[in-house]
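All remarks here apply to the structure that follows.
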Amino acid sequence: KLVSPDRAACKQNILLGGDATLDRFPIPQVHPDDGGRYVNTWGVIVASTPDGRWTNWSISRVMMIDGRHITPLVLPQQHIGVIWAEWEKIGKPMPFALVQGGDPGVPMIGGMPIPADMDEGSFLGTLYGEALAVVKCETVDLAVPASAEVVIEGHLSITRDATEGPYAEFHGWALEETSPEPECAIEAITYRDNPIWP
């Protein structure tokens, strides 16, 4: 259910352009051997196919390059990788939104293996028995959960020029692997007052 920005907690504060920097948030270096600070380990990436037939909400780790740039792990076999490949094929950067916090069902549904071409937002609404409130992003043509704590917007490059990792996964082992991944230039950050970063 699309709601107006004045009814969306994540729109209490809006940063655009040069003001949209992660330097104002406490992004953690979780493990000393991590390749950088990680903006995301529990939030949800929102992405749609170029033709708009499928909007996917998925969890993937996202590393901070600097205050204005991030790089997610975009594995080809995962839904985020399938959608990114469609944008790569047409040669256009992929609209990208990273959602932190808010409704606890959002990351749960983002981590579930539901079928391709099925929207997680609609699936979650079906489980709840009512539509989930979403709001339009500021700079990309995507809708995100209105209850989010923080939303980061931008476009994901069609080339894999950034280096993601290494990252110490949940088991505590710090693998030395890195991979070339797309880079996202941050265009907007919206957030509620006193946001909680999961």
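Do we have any residue at all in the range 49-62 that's within 17 Å of Ile189 (Cα to Cα) and open to solvent by 10 Å² or more (accessible area, probe 1.4 Å)?
no
Starting from residues that are small (Gly, Ala, Ser) and open to solvent by 30 Å² or more (accessible area, probe 1.4 Å), keep the ones in the range 158-178 and report whichever is farthest from Lys89 (Cα to Cα).
That would be Gly172.
Taking the condition buried (at least 23 other Cβ atoms within 10 Å of the Cβ) and on the phi < 0 side of the Ramachandran plot, does Pro76 pass?
Taking the combined requirement at face value, the residue does not satisfy it.
Quick test for you: out of Ile109, Ile189, pick the one residue that is open to solvent by less than 60 Å² (accessible area, probe 1.4 Å), touching a helix residue (DSSP H, G or I) at 6+ places or on another chain (Cβ under 7 Å) and of a type in the set (Val, Ile, Thr).
Of the residues listed, the single one that is open to solvent by less than 60 Å² (accessible area, probe 1.4 Å), touching a helix residue (DSSP H, G or I) at 6+ places or on another chain (Cβ under 7 Å) and of a type in the set (Val, Ile, Thr) is Ile109.
Test Asp117 against the criterion of being open to solvent by 20 Å² or more (accessible area, probe 1.4 Å), under 19 Å from Trp84 (Cβ atoms) and over 14 Å from the mean Cα position of the chain (by Cα), and give yes or no.
yes
Could you say which residue among Gln12, Gln29 is open to solvent by 60 Å² or more (accessible area, probe 1.4 Å), touching a strand residue (DSSP E or B) at 6+ places or on another chain (Cβ under 9 Å) and in contact (Cβ under 8 Å) with a residue 60 or more places away in the chain?
When all the criteria are applied, what remains is Gln12.
The values are calculated or read from the model by the stated rules, or taken from the named source; none is laboratory data. Not measured: the values here are computed from a predicted model. Positions of Cβ are generated from backbone atoms using ideal geometry, with glycine treated the same way; all protein chains shown enter the neighbour counts. Note: areas computed on protein heavy atoms with side chains; ligands, DNA, RNA excluded. Shrake-Rupley method; radii C 1.70, N 1.55, O 1.52, S 1.80 Å.
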